[in-house]
Amino acid sequence: MSDESGTQDIPTGSPEGGGPRPESIRFFGTTWVNHDNGYALRRVGAATGSLAAAVASCLILRFAYEGLQIADTGSFVTVLVIAMFAICSALAFRNTWDGFGRRPDPDRQASLRGLLAIGFVGSLLAFFFRSLIEAPGEKLHREEYEAARREHEQRGARRTGNPSKKKRRR
């Protein structure tokens, strides 16, 4: 198994290769499990990249605003466009931030696709702020992985030995 950067990930299941395997996170692979293989550098890169993309996006939106001013569309249209981007960005930020803590509902995501596309700056900023704390989605993935490991260990603890060789009482 390898992540997006092409580095080889080391399985962290049991030595025999059984047990749950950690889920890969975009840009981080499975480095989030042990915070190794350049995890800190990847977090810095993800934070820097998302902030740079948000700044570039804001510059593009500024050009669009200036286009509205040149077109002399009137203050109503200008206010409407600014409010649309501000509200959609706030909703996209909240939706993206919440998505780092729980699995998003696919139907809801599909219905919000247009709104999230308009509010892309909010999503980029949520990714930036989360990268300052942890790999985006790390907490959710860690909780799921730890629960799967506990469950696997409990199942393994109940089944020890070969049942066919079990001594029977007479």
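The values are calculated or read from the model by the stated rules, or taken from the named source; none is laboratory data. Keep in mind it's a predicted model, so treat the numbers as computed, not measured. Positions of Cβ are generated from backbone atoms using ideal geometry, with glycine treated the same way; all protein chains shown enter the neighbour counts. Heads up: the accessible areas ignore ligands, DNA and RNA and are worked out on the full protein's heavy atoms, side chains in. Shrake-Rupley method; radii C 1.70, N 1.55, O 1.52, S 1.80 Å.
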When all Cα-Cα pair distances of segment 80-140 are considered, the percent exceeding 18 Å is 34
Taking r as the C-beta separation of Gln154 and Glu23 and R0 as 30 Å, the FRET efficiency to the nearest 0.05 is 0.90
Quick tally, 1.4 Å probe accessible area for Asp105, Asp72, Asp98, sorted with the most first, runs Asp72, Asp105, Asp98
Expressed in Å to one decimal, the Kirkwood Rh of segment 11-93 from all distinct alpha-carbon pairs is 16.6
Order by accessible surface, 1.4 Å probe, largest leading, for residues Phe76, Phe93 comes to Phe76, Phe93
Reported to the nearest 10 Å², Phe85 has, with a 1.4 Å probe, an accessible area equal to 60
Log entry: pair-distance distribution for segment 27-170, C-alpha pairs binned every 10 Å from zero, whole % per bin is 10, 26, 25, 16, 10, 6, 4, 2, 1, 0
Other residues with Cβ under 13 Å from the Cβ of Arg103 give, with Lys and Arg +1 and Asp and Glu -1, a net charge of -3
